[in-house]
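This report refers to the structure that appears directly beneath it.
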Amino acid sequence: MTPRHLLIGLSVLVLAACSQAAPPEASKPTPAAAAQATGPATHAQAAAAAKARPAAFEPPPESAIPEGPFGDVVREGREIFVNTDVAAKAYVGNGLRCSNCHLDAGRLANSAPLWGAYVAYPAYRAKNGHVNTLGERLQGCFKYSMNGKAPPLDSKEMVALETYAFWMAKGAPTGEKLPGAGYPKKGFKPPQPPDYARGEAVFKAHCALCHGADGQGQQVAGRYVFPPLWGPDSFNWGAGMHQLDNAAAFIKANMPLSQGGTLTDQDAWDVAMYMDGHERPQDPRYKGDLAATRKAYHDTPMSLYGTTVNGHLLGSAPATRN
Ligand code: HEC
Ligand code: HEC
């Protein structure tokens with residue numbers, strides 16, 4: 001982790017986002033600057049939105065991770081989850097960590113928490129047309145969300161991640177979709193079709209402060225403290241977050257950070273369209289024909305891949321790291 005003295009002079013925001021090991025309360029600050037930039041939205045609104053949903057499953061507190069060899073592997077899994085770029089470096093091809101999209105180290109309801117995932121697999125996935133074990137599902141996030149390589153199913157990384165998820169789901173019923181599992185996208189529809197230009201305005205007002213004016217995030221000492229939303233260091237065109245419904249639901253529930261539920265539904269869809277209307281790394285399933293790749297894997301209005309947005313054919317000039 002970055003030495004503290006490097007951070008002096010940076011805003012409280014950056015400090016807060018950096019302290020990975022801090023307890024949940026401390027890692028969810030309410031920075032004055034962000035609050036200002038996000039205008040009239042209030043925490044009361046966010047609280048009201050959260051209240052409207054059924055109570056989520058409560059995972060055990062981190063302090064309950066036991067001593068001994070089992071607990072050691074749970075801790076190893078947590079470490080891979082929150083510091084993926086360091087702890088599972090060989091399998092990561094961008095600047096993201098699992099916990100950038102599965103907030104609070106995979107514990108937070110409505111950000112596809114690990115406890116919700118653990119009890120939901122094996123499951124059939126249309127994405128690859130067969131029943132996936134939890135291990136295979138985890139491999140998918142490495143390949144697409146992390147733009148990397150899938151660790152082998154019996155690798156120590158995979159065993160550690162599954163052990164962490166198993167520990168977190170303690171006491172949860174299996175085979176049921178728990179309240180708070182996944183991203184809350186069921187029935188979440190845009191009042192009007194999402195719009196790129198409106199999304200750009202939302203981005204400037206509510207997101208650029210942290211994710212940068214160009215969406216490329218912000219780094220301290222070579223590591224991202226605010227993750228990139230598109231471009232070479234972000235998730236690739238095969239990732240779930242490139243689909244408008246996933247992105248809109250995640251953003252509505254969780255962004256701006258610590259102020260989930262404060263954007264209007266329309267703003268969440270519009271800014272999702274703006275974010276997913278930018279280039280990112282190529283879909284690893286691409287074999288040289290954009291239209292064929294769209295037809296095979298992206299044949300849905302929720303994917304902008306292979307369509308023209310803001311005058312650019314998305315996927316025709318994918319972002320690459322130099
Ligand atoms: C760019 C954002 C992003 C990153 C980074 C990311 N994921 Fe995901 N993950 C998603 C999305 C989107 C879904 C699909 C959620 C849904 O369909 O509701 C998902 C789904 C999952 C699921 C299944 C959840 C469920 O309830 O079915 C697991 C498990 C998972 N991710 C683990 C990981 C792991 C492990 C990593 C790091 C190696 C990771 N993810 C990194 C976005 C991300
Ligand atoms: C106060 C700072 C802040 C603001 C404002 C903010 N974010 Fe984030 N965002 C973060 C941080 C930090 C993370 C990673 C969370 C973590 O690792 O715990 C994140 C994660 C994300 C992710 C998943 C990771 C990735 O890079 O794809 C998306 C998507 C996202 N934010 C979109 C948005 C959008 C859209 C807005 C504006 C509506 C927004 N954010 C506003 C700080 C912020």
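Of Thr264, Thr307, the order by accessible heavy-atom surface (1.4 Å probe, DNA, RNA and ligands excluded), from most exposed downward, is Thr264, Thr307.
Where the accessible area of the stretch 57-168 is counted over protein heavy atoms with a 1.4 Å probe, how much of it, in %, is carbon and sulfur?
Values: 2750 of 4700 Å².
Ligands and nucleic acids excluded, carbon and sulfur give 59 percent.
Per-residue accessible area (protein heavy atoms, 1.4 Å probe) orders Val202, Val86 as Val86, Val202, starting from the largest.
Taking all protein chains as shown and a probe of 1.4 angstrom, Leu314 keeps an accessible surface of around 0 Å². Each of Val86 and Ala55 was given a label point 7 Å from its Cα along the Cα-to-Cβ line. The distance between the two points is 3.7 nm. If you sort Lys170, Lys186, Lys287, Lys127 by accessible surface, 1.4 Å probe, largest first, the order is Lys186, Lys287, Lys170, Lys127. The alpha carbons of the stretch 57-168 occupy a box of 38, 29, 26 Å along the principal axes, longest dimension given first. With the simple spin-label model, which puts each label point 7 Å out from Cα in the Cβ direction, the Asp289 to Asp154 separation comes to 3.8 nm.
Measuring only protein heavy atoms, the 1.4 Å probe finds Ser111 accessible over about 0 Å².
The values are calculated or read from the model by the stated rules, or taken from the named source; none is laboratory data. Source: prediction; values computed, not measured. Quick reminder, even Gly has a Cβ in these numbers, built from the backbone with ideal geometry, and neighbours come from all protein chains shown. Heads up: the accessible areas ignore ligands, DNA and RNA and are worked out on the full protein's heavy atoms, side chains in. Shrake-Rupley method; radii C 1.70, N 1.55, O 1.52, S 1.80 Å.
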